[in-house]
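Working notes, structure below.
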Amino acid sequence: MHKTFLIAAATILVAAAISAQVQPPPAPWRGAGPTPCVGSDGGVFKCPPAPRTIAIRAGRLFDSTSGQMLTRRVVVVTGERITDVGAEGAVKIPAGAQVIDFSQATVLPGLIDAHTHMFNTRGPKGTTEKSMLIAVQNAQNDLRAGFTSARDMSSHGNGYADVEMRNAINEGRIDGPRYQVSTLGIVWGAKPRAPGEVENPLASTVVRSVDEARAAVREQIGHGADWIKLFPTGAYSFDAAGKPNFVLMYPMPVLQALIDETHRLGKKAACHVLGGEGKRNAIVAGCDTIEHAYDLNQEEANMMVAKKLFYDPTLQRYIEPYMDDNDAKNTGGKYRMVPIFEKAVQMAAKTPGMKIMVGSGADGSTYPHGAQALDFEMLVKHGGLTAARAIQGGTIVNAEVMGWLDRAGSIDKGKYADLVAVSGDPLADITELQRVRFVMKGGRIIRNDPPEAVATRATQ
């Protein structure tokens, strides 16, 4: 049976939800209670509350466009959008508005994690039901930590379930970040397909030629992918002299076809490139975001700037102790990847015009969901970024690469009212972002901890 048919059969229920929108309320309503809203499945659910006006007084407000911390600002929110923002005295608070006083705190744009995995890796005994429940919990933890938007970088063996999650959040069925998703991902099949071999339709799509590569891109975008996740390099090892070597995956014509087809269909590609020839090929081929890149060099960084590509190091994830544990085991303690990676990020930070993103790689493995603000700290303390630039990476830079500058990434009139607040000044102490006390997404308050609750938690 053809693999394309298998995938389509396995995801028939997903396809119907790709373009789903919440339906208007039924009229006249003949059931119980107030008139409800109608979901994409035809089932009814309680409508969101009517839009209201909220005014937020900010003692400090981070302007992600300039990287400056402004003082004594007011933000007015009506419904899901920011309707006014400016200095105290210049912004009129509408009569009847709810006023939230953060005059002793810092207000920032909602944070954006550009490399999440809402689904944990699905093992051989994993079920769809269990995977979905875990994904809901992960998404809710991310939102409560202040990440109001996210780019999800493959569903880890859960097929197109990330499309369902994205749509359910957009419909208001469950809480979570405003997602862009990349579905299955596409990997290289180094060995020919065995006669009668049937590949797992929920796992990454395996391609072995240019034609298969283009077809896989079309199929995933047809099923709702916002991004195409590619894997130009595999594992690394060190040679006897301590030089890292990386496994090359796609041949260059296949990689170029994958990226070209993605762009032809109006989407973007993200490339998992640990290093070596596959990393360079991804840059030459114009992959929109270069993920990880342990051994990025100056020539490649300059090429990325010239091609207007973005760099997403996911630094925290790959300088954790398990990296040293693996290297110690494989090299007898002679060689380490962590200092090579840190040096690469520090070099990128000094490269004029380089746009560095904030992405965590959180997937329920080494990095728990809800802890992604650690990446801001690592980029400052180990990556050579200023606190302001790190915060810009997790707000306006990520919004730019996602094509969402018109709706997210900064606190501006007309954008979604995605806001977070912390007690202190994150420009003075970047770890403040790990103690988010207030989260608003689309004008709806998700979290609002009193200051004393934050202080109590911090001392426990």
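The values are calculated or read from the model by the stated rules, or taken from the named source; none is laboratory data. None of the values given here were measured: they were computed from a predicted structure. Glycine gets a Cβ as well: all are built from the backbone with ideal geometry, and neighbour counts include every protein chain shown. For accessibility, only protein heavy atoms count, side chains too; no ligands or nucleic acids. Shrake-Rupley method; radii C 1.70, N 1.55, O 1.52, S 1.80 Å.
Scanning the stretch 197-216 for residues that are without any contact (Cβ under 8 Å) to a residue 24 or more places away in the chain, of a type in the set (Asp, Glu) and in a loop (DSSP other than H, G, I, E, B) gives a single hit, 197.
Summed over the stretch 369-395, residues that are under 13 Å from the mean Cα position of the chain (by Cα) and crowded, with 23+ Cβ neighbours inside 10 Å total 7.
Counting only strands (runs of 3 or more DSSP E) that sit completely within the stretch 91-166, those holding 2 or more residues that are in contact with a strand residue (DSSP E or B) (Cβ under 7 Å, 6 or more places away or on another chain) and surrounded by fewer than 24 Cβ atoms within 10 Å (Cβ to Cβ) correspond to 98-109.
Scanning the stretch 350-368 for residues that are aliphatic (A, V, I, L, M), out of contact with any Gly (no Cβ under 7 Å at 6 or more places or on another chain) and part of a loop (DSSP other than H, G, I, E, B) turns up just one, 354.
Among the conditions (1) part of a helix (DSSP H, G or I); (2) in contact (Cβ under 8 Å) with a residue 60 or more places away in the chain; (3) over 16 Å from residue 316 (Cβ atoms), residue 343 misses just one, which is (2). The set of residues in the stretch 38-55 that are assigned to a loop (DSSP other than H, G, I, E, B) and either of a type outside the set (Gly, Ala, Ser) or open to solvent by less than 40 Å² (accessible area, probe 1.4 Å) (or both) comprises 39, 41, 43, 46, 47, 48, 49, 51, 52. Taking the numbered list (1) at pLDDT below 85; (2) of a type in the set (Val, Ile, Thr); (3) crowded, with 17+ Cβ neighbours inside 10 Å in turn, residue 4 passes all entries but (3). Screening 55, 50, 95, 27 for residues that are without any contact (Cβ under 8 Å) to a residue 60 or more places away in the chain, among the small types (Gly, Ala, Ser), in contact with a Pro (Cβ under 8 Å, 6 or more places away or on another chain) and over 30 Å from residue 159 (Cβ atoms) leaves exactly one candidate, 55. In the stretch 441-459, the count of residues that are in contact with a Leu (Cβ under 9 Å, 6 or more places away or on another chain), among the aliphatic types (A, V, I, L, M) and open to solvent by less than 10 Å² (accessible area, probe 1.4 Å) is zero.
Under the condition of being among the charged types (D, E, K, R), open to solvent by 20 Å² or more (accessible area, probe 1.4 Å) and under 19 Å from residue 226 (Cβ atoms), the residues counted in the stretch 255-293 number 5.
Restricting the stretch 301-322 to residues that are in a helix (DSSP H, G or I) and open to solvent by less than 10 Å² (accessible area, probe 1.4 Å) leaves a set whose member that is nearest to residue 227 (Cα to Cα) is 304.
Among the residues of the stretch 56-90, those that are more than 30 Å from residue 317 (Cα to Cα), open to solvent by 70 Å² or more (accessible area, probe 1.4 Å) and within 25 Å of the chain's Cα centre (by Cα) comprise 80, 81.
If we keep just the residues of the stretch 346-368 that are of a type in the set (A, V, I, L, M) and surrounded by fewer than 22 Cβ atoms within 10 Å (Cβ to Cβ), which is farthest from residue 119 (Cα to Cα)? Of everything passing the filter in the stretch 346-368, 347 is farthest from residue 119 (Cα to Cα). Among the criteria (1) free of Cβ contacts under 8 Å to residues at least 40 places away in the same chain; (2) open to solvent by 70 Å² or more (accessible area, probe 1.4 Å); (3) not hydrophobic (A, V, I, L, M, F, W, C), the one residue 333 does not fulfil is (2). Can you run down the residue pairs with Cβ atoms below 8 Å, 6 or more apart or on separate chains, where the first is in the stretch 419-448 and at positive phi and the partner is β-branched (Val, Ile, Thr) and open to solvent by 10 Å² or more (accessible area, probe 1.4 Å)? So the pair list comes out as 443/78.
Restricting the stretch 407-430 to residues that are out of contact with any Lys or Arg (no Cβ under 7 Å at 6 or more places or on another chain) and of a type in the set (Val, Ile, Thr) leaves a set whose member that is surrounded by the fewest Cβ atoms within 10 Å (Cβ to Cβ) is 430.
Checked against (1) more than 23 Å from residue 176 (Cα to Cα); (2) assigned to a helix (DSSP H, G or I), residue 384 passes all but condition (2). Taking the criterion of being in contact (Cβ under 8 Å) with a residue 60 or more places away in the chain, assigned to a loop (DSSP other than H, G, I, E, B) and open to solvent by 20 Å² or more (accessible area, probe 1.4 Å), the residues of the stretch 172-196 that qualify are 172, 173, 175. Reported count of residues in the stretch 19-37, each being open to solvent by 20 Å² or more (accessible area, probe 1.4 Å) and not in a loop (DSSP other than H, G, I, E, B), is 1.
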